[in-house]
Amino acid sequence: MVKVVVWGSLKPHTGGQAELEIEAGNVRELLNRLGETYPGLKPQLARGVSVAIDGVIFRDGLHEPLRKDSEVFLLPRMTGG
Amino acid sequence: MSAIHVTTKINGDVVDYVCEADETLLDVLRNRLGLTGAKEGCSTGDCGACSVTIDGRLTCSCLVLGAEADGREIGTIEGMAKGDELHPLQRKFLEHAALQCGICTPGILVAAKSLLEHNPKPTETEVRFGLAGNLCRCTGYDKIVRAVMDAAQEMRRA
Amino acid sequence: MPLDSTLQGKRDFKVVGTRPLRPDGIDKVTGRAKFGADATAPGMLVGRILRSPHAHARIKKIDTSKAEKLPGVKAIVTREDLPDHTDGDALLYDVLYNIMAREKALYEGHAVAAVAAVDTRTAREALKLIKVDYEVLPHVTDVDEAMKPGAPILHSTIFTDGLEPKPKKPSNVVRRYEFGHGDVEAGFKKADIIVERTFKTEATHQGYIEPHACLANVGPDGQGELWVCTQGHFMVRDTCARLLGMDISKLRVTASEIGGGFGGKTTVFIEPVALALSRKANRPVKVVMSREEVFKASGPTASTSIDVKIGVTKDGRITAADATLRYQGGAFAGSPVEFGAMSAFACYDLENARTIGYDVVTNRPKQAAYRAPGAPMAAFAVESVIEELARKVGMEPIDFRMKNAAREGTRSSYGPTYGPIGLLATLEKAKQHPHFKAPLSPNQGRGMACGFWFNFGGQTCVSLNVNSDGTVALSVGTPDIGGSRASMCLMAAEELGIPYDKVRAIVADTSALGYNDVTDGSRTTFATGMATILAARDAIKKLTARAAQIWGISAEAVTWEKGYAKPAGSNAGNFPPMSIAEIAAQAGATGGPIAGHHEYSADGAGVSFATHICDAEVDPETGATKIVRYTVLQDAGKAVHPSYVEGQFQGGAVQGIGWALNEEYIYGKDGRLQNAGFLDYRIPVCSDLPMIDTVILEIPNPGHPYGVRGVGETSIVPPLAAIANAVSAAAGVRLTSLPMSPPRILAALDRKAAAE
Amino acid sequence: MKEATGLLAREKGRAFVLAGGTDLLVRLRTGFIEPDLIVDIKRITATRSIDVRSNGFRIGAAVTGAELNEHAKLTKAWPGVVEAANLIGSKQVQGRCTMTGNLCNASPAADSVPALMAAAAKVVIVGPKGKRTIPVEQVPVAPGKTSLKKGEIIESILLPKRPPRSGDAYLRFIPRTEMDIAVVGAAVSVTLDAKGMCTDARVALGAVAPTVVLVPEAAKALIGTKMDKAALDALAAACSAACRPIDDKRGTSEFRIKVAGVLARRAAQIARKRAGGK
């Protein structure tokens, strides 16, 4: 199980929990499972998210592998100037 | 208003053109003569990107009518290098990395050349006020001022 | 792209870190470089756009019949000519709505029609002949006003997201964000001192000197070309093709030289309109914005209203930090409040942190990214409170910051745990810097601030071709705004072991390379740089294989060193080293052209931190402020071309100085922008400024082979706060609104005098 | 000149005089004006020279800011007027802009106009009915409006001869160090006697009322004093009291009132020093 942390304003869609446990081998699986388990997250997932895996931010890495003990943070999709 | 025939000298060459009475020299240079080194950043004389000299005096070509150039001598960025030899200011701008995007660079070089012609040994403050009519948004002006000071020193030695 | 440990570790550089002349330099100092407005085409028409004079109005009818009859008018485009192809993509629909108003004009300057004509005068005349029937509606431009109940509503479709239960009435608040960890209420209970303040910042513009410009050319067969100044021509291509219902393959976009962007050229404004005009006229159409249009109808950044509350113990340890941020991003969703909320407390090691952000719409132009979008305003608010708290607990602000600074292993306020970061290093260097101890004159004050930015990678594709003489042609897809071609050449030369001037980098058009994300997010030197290095490694693999083929030994038995293929050891054979030129000369006979490629989604950009120190002098009688000294200390990971890294530091600091002191969007009661020009939108001029001192720190980013971190954006994060702290120290009164214009400072001084 | 006034008088549509063009072209470009006739007066000899005469200086209407600055005698006699003209715009604008154009725009914020008023300058107007000479303060009547009649052109500006121990100065407030329009402008011209007593003074303010204004009360505060602190305080108070400013994008009314006094005081100190006062 991978530990996933969602940002505060997504908590209403996850039954009030900030930390979730999800079975996933890579980022794409993780995002798919999240959407299936918490349909309220789907609009945000569709708008785009970045993830931080063990402290490193990935904006596009859907196939990024996840270890069992990985700590994953969901973040709004990064942009810049 | 009708079109006006103008005979002028640009960077030492005699040039003839016809322009509208309300057309700016900047538009003439860019659209009729293909001299696109002068840039249009504002068209109100506030950014200096269109700087040229008329009879040796620095001006914004957006604030001059094309018709006014008749019988004058115009200097633009295209005339700054002599053949394959860059003007010391052009060289120093490259050496000091005094440009990032480069859109303000032609105007600043023309202004800096005029500044050094009038004042070959400017202080940093004089350079800063001398170039106050030329906006640069990338560099924060630091490297521009250094490049002009360095070029001035080299030109004095030459 | 997985983080590959074999990528890392190179710190012994031959050419990276030197300061060679840039490859596009001569063109730029001689006036030859071709920017957006410098292109022409045979039969070219002039395109002009009619814009709404009203801040908010229903567009009942657009009558173009008179304009169509004007001789010389070749095409007119309105909302009817840009049907909705966005297929439910809400973000793209906003772009469509922004480039050409639909049922309503949502801000002064909103495009309502466009004309292509044989010359400027005809185009101008034609615009006057277009009759638009408006029903003027109440408007709102202030962020706090827009949030109030009873404010004029822009979109009946916006119901604030992120609230529970979901609201039933439409609102101007698009979304509520919340970030943080711990329990701030419990944290504040442990605090001995709490400071709570409200801050406001006005909207500012990126202020690039080159107005948006493009030349579109579309034929009746639907094939088109577009020349445009943009930070991302692949983005322009994909967006325009989707908006116009074209196949992406049919549109080829070439990026001109670009006269500044700072985030403002990361979207489209005039480009789809120019294409639509060209398609209708079947002639090339050039559209160039005036400076007034740039201010009114491109994408400035948000104005904000921010509350910050921070508690500390007597010995200077932060116990809790809480902030509420309200950002208006113009007439559409998407203000950068999420990044403001994420970055606000990113510099600190906090047990309890919370930020709440509200994305708000108002009757202003749709914001675009501006250098570290959203972060400078948040840093202004937070770092002002930090400075005040430090003074209240009797600590030097720098020591207070060092005591509470985020470091490796700190859980960031936006979630993830930091790897190796350079914040403390910049603070330590700042403390040792001569500026820090220099004496101050009367009426002067010193301030400092820290800043953070994420940086990112993005989709990137690079092609590296070895020419028959052993020189290298490097094609990248990220427009060069500030010297990136020089950096790419340096990295390719470093990897291949050849001189810098043997590599020539170009920005290829969209038909020559795979997709590349925009030049933004401080990503180019990082992501395109890493792709260049990996493409060079790919080429080296092929070069060594060719050498092996020529020598008749196995490819594994050949190594690459300083531009030469060499047998790996004595048992591989006794061959003299073969240069890249020698191998390249035989390419035809050994299997054809030699090229290296790399295509990937770059990740692992590595966050970056900076500390700025500023001395300001305030004239107590007039409120005039002069910046007398300024120092930037920032972590660059590895400075590939140090001159251009310094340039990024200096440029960001000076944009920050403008933002802090004089730049602002000023709206009248009529909702119209009053200062849409460089005369009254006051960006800093040369004589306003001192030299900007820089210190480059190099704490390697483990996600890049050379340790590179993005540097372009972080430099604008600390200045607002550093200057506010300096001005407040000089004036003896805390300034909480930007810009700190002379009337505001004088009013604050008067209030202070009245209170004393 | 006759031909120029004739052209202007005969034109039925919108006619404009072009001297330096630094304002006219901006208005042209932004579509603010659409002229039917533009008369360029720069090639008329009478407009091009600065003449030193027994009773003062005659400055042609097309003389540029840069040319004023290069004229040593003028700069020595009227440093405040020259520095005011040199504050109009950048180096680029200086090569083109004229004091006459600055005056004819009738902007309350025009930099050279307060200095000209403080200097008691006059203008020579040529028109279809001949020449007339009027004080500078009678030219602007409202924002953007002058007292000039159809077909009339200002041919030159006259500055009086300086008595000994005279000095003038102009200061303006702008948010940046260059390139801005004055938020407040203050010009002071003084003459001292041998003991350093102020015998004559004129004070004018810019950007604080619909036109540039002469402030006789402020001048009175200086005359008969040694321009000590009390006199300067009275000058500053008189200047602030004379302000009828508006709130606009460049500054608040409150700010202008306060800073007008500050600048007048500072300008008076410079003028006094230039007049040889200690």
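Some notes on this structure:
- Residue in the stretch C:391-405 that is out of contact with any Cys (no Cβ under 7 Å at 6 or more places or on another chain), surrounded by 24 or more Cβ atoms within 10 Å (Cβ to Cβ) and touching a residue at least 60 places away in the same chain (Cβ under 8 Å) present: no
- Taking the numbered list (1) more than 30 Å from residue C:457 (Cα to Cα); (2) in contact (Cβ under 8 Å) with a residue 40 or more places away in the chain; (3) surrounded by fewer than 16 Cβ atoms within 10 Å (Cβ to Cβ) in turn, residue C:581 passes all entries but (3).
- Residue in the stretch D:243-269 that is surrounded by the most Cβ atoms within 10 Å (Cβ to Cβ), counting only those that are assigned to a helix (DSSP H, G or I) and among the β-branched types (Val, Ile, Thr): D:259
- Count of the stretch C:173-219 residues which are under 22 Å from the mean Cα position of the chain (by Cα) and β-branched (Val, Ile, Thr): 3
- Filtered by the rule that a residue be over 17 Å from residue C:619 (Cβ atoms), out of contact with any Pro (no Cβ under 8 Å at 6 or more places or on another chain) and away from chain C (no Cβ under 12 Å), the stretch D:243-269 gives D:243, D:246, D:268.
- Test result for residue C:124, among the charged types (D, E, K, R), closer than 30 Å to residue C:40 by Cα, within 14 Å of another protein chain (Cβ to nearest Cβ) and surrounded by 15 or more Cβ atoms within 10 Å (Cβ to Cβ): yes
Conditions tested, residue by residue: (1) within 11 Å of chain A (Cβ to nearest Cβ); (2) more than 24 Å from residue C:91 (Cβ to Cβ); (3) not small (Gly, Ala, Ser).
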residue: C:366; (1), (2), (3): no, no, yes
residue: C:409; (1), (2), (3): yes, yes, no
residue: C:421; (1), (2), (3): yes, yes, yes
residue: C:424; (1), (2), (3): no, yes, yes
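- Of all residues in the stretch C:727-746, exactly one satisfies the criterion of being surrounded by fewer than 24 Cβ atoms within 10 Å (Cβ to Cβ), within 14 Å of another protein chain (Cβ to nearest Cβ) and touching a Lys or Arg at 6+ places or on another chain (Cβ under 7 Å), namely C:737.
- Residue in the stretch C:1-13 that is within 28 Å of residue C:670 (Cα to Cα) and among the polar types (S, T, N, Q) present: no
The rows are residues; the columns are (1) part of a strand (DSSP E or B); (2) more than 14 Å from chain B (Cβ to nearest Cβ); (3) basic (Lys, Arg); (4) buried (at least 24 other Cβ atoms within 10 Å of the Cβ).
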{"position": "C:640", "(1), (2), (3), (4)": "no, no, no, yes"}
{"position": "C:648", "(1), (2), (3), (4)": "no, no, no, yes"}
{"position": "C:656", "(1), (2), (3), (4)": "no, no, no, yes"}
{"position": "C:680", "(1), (2), (3), (4)": "no, no, no, no"}
{"position": "C:696", "(1), (2), (3), (4)": "yes, no, no, no"}
{"position": "C:700", "(1), (2), (3), (4)": "no, yes, no, no"}
{"position": "C:706", "(1), (2), (3), (4)": "no, yes, no, yes"}
{"position": "C:709", "(1), (2), (3), (4)": "no, yes, yes, yes"}
{"position": "C:725", "(1), (2), (3), (4)": "no, yes, no, yes"}
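- Filtering the stretch C:446-462 for residues that are modelled with pLDDT of 95 or more, in contact with a Pro (Cβ under 7 Å, 6 or more places away or on another chain) and over 30 Å from residue C:749 (Cβ atoms) leaves an empty set.
- Scanning the stretch B:85-117 for residues that are more than 9 Å from every other protein chain (Cβ to nearest Cβ) and over 28 Å from residue C:36 (Cβ atoms) gives B:85, B:88, B:116, B:117.
- Residue among B:66, B:34, B:45 that alone is modelled with pLDDT of 95 or more, small (Gly, Ala, Ser), surrounded by fewer than 22 Cβ atoms within 10 Å (Cβ to Cβ) and not assigned by TED's automatic domain parsing to the domain that holds residue B:137: B:34
Okay, residues lined up against (1) in contact with a Cys (Cβ under 9 Å, 6 or more places away or on another chain); (2) within 14 Å of another protein chain (Cβ to nearest Cβ); (3) surrounded by fewer than 24 Cβ atoms within 10 Å (Cβ to Cβ); (4) in a loop (DSSP other than H, G, I, E, B):
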| residue | (1), (2), (3), (4) |
| --- | --- |
| D:217 | yes, no, yes, no |
| D:220 | no, no, yes, no |
| D:271 | no, no, no, no |
| D:277 | yes, no, yes, yes |
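- Test: residue in the stretch C:447-463 that is within 28 Å of the chain's Cα centre (by Cα) and without any contact (Cβ under 8 Å) to a residue 40 or more places away in the chain: no
- Strands (runs of 3 or more DSSP E) fully within chain A counting 2 or more residues that are without any contact (Cβ under 8 Å) to a residue 40 or more places away in the chain: A:19-22, A:49-53, A:56-58
- Taking the criterion of being more than 7 Å from chain B (Cβ to nearest Cβ) and crowded, with 22+ Cβ neighbours inside 10 Å, the residues of the stretch C:682-692 that qualify are C:682, C:684, C:688.
- Pair list, Cβ < 9 Å and 6+ apart or interchain, from the stretch C:742-755 residues that are of a type in the set (Val, Ile, Thr) to residues that are assigned to a helix (DSSP H, G or I) and at pLDDT 95 or above: C:745/C:727; C:745/C:731
- Checking D:118, D:110, D:62 one by one, the residue that is closer than 30 Å to residue B:3 by Cβ, of a type in the set (A, V, I, L, M), in contact (Cβ under 8 Å) with a residue 40 or more places away in the chain and surrounded by 24 or more Cβ atoms within 10 Å (Cβ to Cβ) is D:62 and no other.
- Among (1) of a type in the set (Ser, Thr, Tyr); (2) within 14 Å of chain B (Cβ to nearest Cβ); (3) part of a helix (DSSP H, G or I) - the single one residue D:240 does not satisfy: (2)
- Subset of the stretch B:25-71 that is at the interface with chain C (Cβ under 8 Å from one of its Cβ atoms) and of a type in the set (A, V, I, L, M) - its residue that is farthest from residue D:95 (Cα to Cα): B:35
- Counted as qualifying within the stretch D:1-95 are the helices (runs of 4 or more DSSP H) with 1 or more residues that are more than 28 Å from residue D:180 (Cβ to Cβ), namely D:2-10, D:72-77.
- Condition check for residue D:160: within 14 Å of chain B (Cβ to nearest Cβ) and either surrounded by fewer than 24 Cβ atoms within 10 Å (Cβ to Cβ) or in contact with a strand residue (DSSP E or B) (Cβ under 9 Å, 6 or more places away or on another chain) (or both): no
- Residue ID - modelled with the highest pLDDT, chosen from residues in the stretch C:405-441 that are β-branched (Val, Ile, Thr) and closer than 21 Å to residue A:78 by Cβ: C:410
Conditions (1) modelled with pLDDT of 90 or more; (2) touching a strand residue (DSSP E or B) at 6+ places or on another chain (Cβ under 6 Å), marked per residue:
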residue: A:8; (1), (2): no, yes
residue: A:30; (1), (2): yes, yes
residue: A:38; (1), (2): yes, no
residue: A:42; (1), (2): no, no
residue: A:48; (1), (2): no, no
residue: A:52; (1), (2): no, yes
residue: A:60; (1), (2): no, yes
residue: A:65; (1), (2): no, yes
residue: A:69; (1), (2): no, no
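- Of everything listed in (1) within 14 Å of chain B (Cβ to nearest Cβ); (2) among the aliphatic types (A, V, I, L, M); (3) farther than 30 Å from residue C:330 by Cβ, the single unmet condition for residue C:39 is (3).
The values are calculated or read from the model by the stated rules, or taken from the named source; none is laboratory data. Only a predicted model underlies this, so the values are computations on that prediction, with no experimental measurement involved. With ideal geometry, Cβ positions are generated from the backbone for all residues, glycine too; neighbour counts draw on all protein chains shown.
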